């Protein structure tokens, strides 16, 4: 488990689940399995250490402990935990990178009143 204070998470992708396609939702999601496609939500996104996402991620607050091969966009905070490997660009309002996190890409700060799609 990534964080015991998980709020607004209403969907979960289990450890043994592989989704071949994009995931679009209004609320938060926590991923333990694999998604071969993008995640787009107005809510928070949590990727556990076992999670693999091959696609872009858009969410309000994003915490990555697993592997992402794609761009990450958030109007809030993006947190790269020490176990993560991210290959792609990150657009964020606030960025936290733990010591040990692997990141290859560029970063861009969101300007107030911007739209991320």
Notebook entry, point to check: GNM on the chain, C-alpha springs below 10 Å: top fluctuator among 61, 16, 69?
Noted result: 16
Checklist line | Relative intensity, log₁₀ I(q)/I(0), of region 27-92 from a Debye sum that treats every alpha carbon as a point, q = 0.14, 0.16, 0.19, 0.28 Å⁻¹ | finding: -0.29, -0.39, -0.56, -1.37
Check: If you compute percent of Cα pairs over 17 Å apart for the structure shown, which of [x] 54; [y] 51; [z] 48 do you land on?
Finding: [z]
Check: Using a Gaussian network model of the chain with C-alpha springs under 10 Å, which one of 45, 23, 53 is most mobile by mean-square fluctuation?
Finding: 23
Margin query: Contact order normalised by length for the chain, with contacts defined as Cα pairs under 8 Å and 6 or more residues apart; what percent is it?
Written below: 16
Item checked: Max mean-square fluctuation residue, GNM over the chain, Cα-Cα springs under 10 Å, options 72, 30, 18 -> 18
Check: Simple spin-label model, 7 Å along Cα-to-Cβ: residue 42 to residue 89 in nm?
Finding: 2.6
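None of the figures in this text is laboratory data; all of them are computed from the coordinates on show. Note that the structure is predicted; figures quoted are calculated from it, not measured. With ideal geometry, Cβ positions are generated from the backbone for all residues, glycine too; neighbour counts draw on all protein chains shown.
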